[in-house]
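Here's the structure we're looking at; comments come further down.
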Amino acid sequence: MTTRTARTAVLRTPAGVSLRYQPRALAVAGGCLVVALAAGVLLIGTGDFPMTPAEVIRTLLGRGGPAESLIVNEIRLPRAVTGLAVGAALGLGGAIFQSLTRNPLGSPDILGFTSGASTGVLVTIVLAGGGGVAVASGAAAGGIATGLLIYAVAGRNGAHGQRLVLVGIGTAAILTGVNGYLLTQAHITEAARAVLWLTGSLDGRDWVDAAPVLVALAVLGPLVLIGCGRALRMLEMGDDAAHGLGVPIERARLIMLGAAVLLTSLAAAAAGPVAFVALTAPQLARRLTRATGPGLLPAMCMGAALLVAADWLAQNAFPGRQLPVGVVTGLLGGGYLVWLLVAERKRGRI
């Protein structure tokens with residue numbers, strides 16, 4: 001049985017479980033998911049051996065020839081799946097950060113978490129000479145360590161709002177200096193590897209890169225969307241209102257912050273610090289849904305669509321030359337950030 005109000009609907013199951021959802025938000029999430037999958041099909045068909053969308057779908061269904069199966073299933077599909085997973089993780093993580101900070105600029109790019117992941121990678125490459133799994137582990141460890149540091153400096157009562165943003169910006173500035181120093185100490189080959197990773201790229205990604213992000217989405221996605229979604233909506237109303245509604249404020253905030261840090265750190269481990277997806281996806285999704293809540297599911301699907309579309313554009317913008325996906329997201333996201341700052345200034349918020 002479904003009960004509808006102006007903007008929300010409640011689905012009641014025979015077992016007595018009630019699920020509240022917003023039809024428009026669900027429609028936006030579905031539309032973004034369709035766009036993401038369509039962009040993924042186009043991405044798989046792009047390359048030195050071009051394929052039409054029909055040929056790609058036929059091969060994915062197991063009806064392609066040996067050559068098509070090798071190219072699609074072994075080479076291009078892992079890259080597309082990694083892009084979808086990384087984009088979804090960044091979109092979801094960015095929506096959580098912006099909701100907790102109650103600030104549209106509260107993304108892991110600005111709060112310093114991606115800088116922490118970059119520091120972990122540079123330490124792994126420059127000091128330890130590691131590669132592959134070690135680089136991914138360094139990125140995840142760096143992001144998590146940065147999250148713990150920011151939380152400790154901001155304090156339990158400051159893990160939200162303006163203080164968290166300011167502490168994150170300061171931490172990012174410090175880590176940027178550390179990263180620059182580590183690059184100056186690296187050999188030329190190590191520096192080239194590090195710079196390529198720091199740009200953000202999906203080139204050469206396989207199932208090993210995609211697996212940790214997929215596992216994180218499978219575990220943390222339901223936890224955040226179903227288990228903590230209501231608490232996050234209540235926290236946006238303020239701590240006093242959330243406490244009055246029975247929300248365990250500190251525990252809910254710590255769980256959400258930990259989930260967001262893990263998602264963004266593992267995304268950075270898989271594809272590098274891809275810029276601005278975590279910043280733009282939640283804002284674009286919120287404008288489409290016209291909702292006041294965090295909009296976690298639409299932001300997640302929007303992030304997947306943005307990253308895969310940006311990777312397709314990076315491969316096709318300049319014939320004969322492929323760009324790292326981080327270059328495209330940086331150019332588009334930087335323009336969006338300037339527009340957002342101007343819009344916020346006109347509203348008198350900054």
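The values are calculated or read from the model by the stated rules, or taken from the named source; none is laboratory data. The structure presented is a predicted model; accordingly, all values stated were derived computationally and were not measured. For neighbour counting, all protein chains shown are included, and Cβ atoms are generated from backbone atoms with ideal geometry for every residue, glycine included. The accessibility values were calculated without ligands, DNA or RNA, using every heavy atom of the protein model including side chains. Shrake-Rupley method; radii C 1.70, N 1.55, O 1.52, S 1.80 Å.
Residues VAL261, VAL215, sorted by accessible area with the largest first, give VAL215, VAL261 [1.4 Å probe; ligands and nucleic acids excluded].
Could you order THR82, THR189 by accessible surface area, starting with the largest, using a probe radius of 1.4 Å? Walk me through the numbers before you get to the answer.
Details: THR82 0, THR189 95 Å².
The ranking, largest first, comes out as THR189, THR82.
By the Cβ distance rule of under 4.7 Å, the chain has these cysteines without a partner: CYS228. Share of carbon and sulfur in the accessible area of the chain stands at 66%, probe radius 1.4 Å. Under the membrane-span-like helix rule (DSSP H runs whose alpha carbons stretch at least 15 Å along the helix axis, mean Kyte-Doolittle hydropathy -0.5 or higher), the chain yields 23-44, 77-101, 133-154, 161-184, 188-199, 207-222, 249-271, 277-289, 296-316, 325-346. Of the candidates GLY180, GLY65, GLY106, which one comes out as most mobile in a Gaussian network treatment of the chain with C-alpha springs shorter than 10 Å? Maximum fluctuation in the GNM of the chain, among the listed residues, is at GLY65.
Based on C-alpha pairs under 8 angstrom that are at least 6 apart in sequence, the chain has a relative contact order of 28 percent. In the context of the full set of protein chains, region 262-350 has a per residue accessible area of 44 Å² (1.4 Å probe). Per residue, region 182-236 exposes 54 Å² of solvent-accessible protein surface, assessed with a 1.4 angstrom probe and all protein chains in place. Considering only LEU284, PRO212, VAL261, the residue lying farthest towards the positive end of the dipole of the chain is LEU284, judged by Cα position with unit charges set on Cβ. When Rg and the Kirkwood Rh are both derived from Cα coordinates, the Rg/Rh ratio for region 160-227 amounts to 1.12.
Just add up the charged neighbours of GLY204: K/R +1, D/E -1, any other residue whose Cβ is under 15 Å from the Cβ of GLY204.
-2
Around the Cα centre of region 178-321, unit charges on the Cβ atoms of Lys, Arg, Asp and Glu (plus for the first two, minus for the last two) sum to a dipole of about 340 debye. In the chain, helices alone account for a calculated mean residue ellipticity at 222 nm of -22500 deg cm²/dmol, with every DSSP H run of four or more residues adding -39,500 (n - 2.57).
Under 1.5 on a/c is rounded, so check that first for region 58-161, then, if it is not, pick prolate when a/b is larger than b/c and oblate when it is not; a ≥ b ≥ c are the square roots of the alpha carbon gyration tensor eigenvalues. Oblate. GNM on the chain, alpha-carbon springs under 10 angstrom: the most fluctuating residue among LEU266, LEU306, LEU288 is LEU288. Count Lys and Arg as plus one, Asp and Glu as minus one, and take only other residues whose Cβ is under 10 Å from that of LEU43; the net charge is then +1.
Comparing LEU33, LEU149, LEU43 in a Gaussian network model of the chain, where Cα atoms under 10 Å apart are tied by springs, the biggest mean-square fluctuation is seen for LEU149.
So how many Å³ per residue does the convex hull of the Cα atoms of the chain work out to?
That works out to 156 Å³ per residue.
Among residues other than ILE125 with Cβ under 13 Å from its Cβ, the summed charge is 0 (Lys and Arg +1, Asp and Glu -1).
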